[in-house]
Amino acid sequence: MKKISFIAAAALAVMMTGCGNGTPKANLKSDVDSLYYCIGIAQSYGLKTYLANQVGIDTTNMDEFFRGFNEGMKEAQENKNKAYYVGLQIGQQMSNQMIAGLNRELFGDDSTKYVSADNFVAGFITGAIGKDTTISVEDADMYAKTHITAIKARQMEESYGPNKKAGEDFMAEIAKKDGVKQLEESGVYYEVLTEGAGKIPADTSLVKVKYEGTLIDGTVFDGNMDAENPITFRCNGVIPGWTMALTHMPAGSKWKVYIPQDMAYGDREAGDKIKPFSALVFTIDLISVE
């Protein structure tokens, strides 16, 4: 053990002689010295990637980062400064991660809209102190969970309202088309291209399918009609409009299915082409039911 430690310490000492002028020199006199030095190196793994990708600090500002790091390491060891540095760290994490994440979730790429950090801070401090609150922590949590969904939906409506309206108009016209039928009261419409006589799947059935999906303007976004082999999946593992159609189709059928946005992806974006609130059209060829 002593021999290994001596070699490690010697190697580390050699390493330090090659360091740049801005790098502090280690004082490696014992196994413990070498241990802490190695732990320091190990903990630096991925630091530059984290700083660049998570907090937006590029390598040209590393000197400032290390200046703050050194001050934090020294001063946080004193009891009177620990609370300050813990607060500084938590505040930075919440700003860079939580608040930034909320902005993206609620407003997407719209940089003109953002969460009020001042209101967040006011609520956080009030809740932590526990005085003069007009709402309990539990009720505030419930309010946040409920209203973040409502606010997000309102923002999506503002951004993609025209897309939703276009889909509704399209579905209204499809409902008038000769040969088109509605599946129950789902809002999903279909027309039979080929009448099959095989088994009708249950929602838990495995099916083999070929298909093509388009937007209401005819843009193709997905499909495997020209592939040699169909795809296999369970009927209840796809969007609701697909499940509705498949559980009414006899095997061997080929249908053209018109799916309103609420039976498709709703307010979600799917891939590069399917925007929120998109009505979709699928040609579905049900090959077999397992």
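The values are calculated or read from the model by the stated rules, or taken from the named source; none is laboratory data. Remember, it's a predicted structure, so these values are computed and weren't measured experimentally. Don't worry about glycine lacking a Cβ; one is built from the backbone with ideal geometry, like all the others, and counts go over all protein chains shown.
The set of residues in the range 259-290 being within 13 Å of T214 (Cα to Cα), part of a strand (DSSP E or B) and among the polar types (S, T, N, Q) consists of T283 alone. Residues in the range 230-238 include at least one that is in contact with a Leu (Cβ under 8 Å, 6 or more places away or on another chain), assigned to a helix (DSSP H, G or I) and among the hydrophobic types (A, V, I, L, M, F, W, C).
Which one is surrounded by the fewest Cβ atoms within 10 Å (Cβ to Cβ) among residues in the range 224-239 that are in contact (Cβ under 8 Å) with a residue 24 or more places away in the chain and over 11 Å from V289 (Cα atoms)? Full working, then the answer.
To start, the set of residues in the range 224-239 that are in contact (Cβ under 8 Å) with a residue 24 or more places away in the chain comprises 225, 230, 232-236, 239.
This time we only want the ones that are over 11 Å from V289 (Cα atoms), so: 225, 230, 236, 239.
Details: M225: 11, P230: 17, N236: 15, I239: 16.
Of everything passing the filter in the range 224-239, M225 is surrounded by the fewest Cβ atoms within 10 Å (Cβ to Cβ).
More than 18 Å from the chain's Cα centre (by Cα), in contact (Cβ under 8 Å) with a residue 12 or more places away in the chain and in the same structural domain as E195 (by TED's automatic domain parsing): is that true of A117 in this structure? Answer is no for this residue.
Residues that are in a helix (DSSP H, G or I), in the same structural domain as K254 (by TED's automatic domain parsing) and of a type in the set (D, E, K, R) occur in the range 171-178; there is at least one. Go through the range 17-40 residue by residue and tally those that are assigned to a loop (DSSP other than H, G, I, E, B) and either over 17 Å from F69 (Cβ atoms) or modelled with pLDDT of 70 or more (or both). Looking only at that region, the number is 10. Could you tell me whether E64 is of a type in the set (D, E, K, R), surrounded by 12 or more Cβ atoms within 10 Å (Cβ to Cβ), assigned to a helix (DSSP H, G or I) and in the same structural domain as G40 (by TED's automatic domain parsing)? So E64 fails the test. Among residues of the range 268-290 being out of contact with any Lys or Arg (no Cβ under 8 Å at 6 or more places or on another chain) and in contact (Cβ under 8 Å) with a residue 60 or more places away in the chain, the one that is nearest to A197 (Cα to Cα) is L280. Taken together, the criteria place D139 among residues that are of a type in the set (D, E, K, R), outside any strand (DSSP E or B) and outside the structural domain of G218 (by TED's automatic domain parsing). Scanning the range 102-136 for residues that are part of a helix (DSSP H, G or I) and among the basic types (K, R) yields a total of 1.
The number of residues in the range 179-219 being crowded, with 18+ Cβ neighbours inside 10 Å and outside any loop (DSSP other than H, G, I, E, B) comes to 8.
Scanning the range 240-290 for residues that are of a type in the set (S, T, N, Q) and crowded, with 22+ Cβ neighbours inside 10 Å yields S253, Q261, S278. The conditions of being part of a helix (DSSP H, G or I) and modelled with pLDDT under 80 are met by Y84.
Those residues that are assigned to a helix (DSSP H, G or I) and either in contact with a His (Cβ under 7 Å, 6 or more places away or on another chain) or among the aliphatic types (A, V, I, L, M) (or both), I need them from the range 239-258; list them, please.
Passing the criteria: M244, A245, L246.
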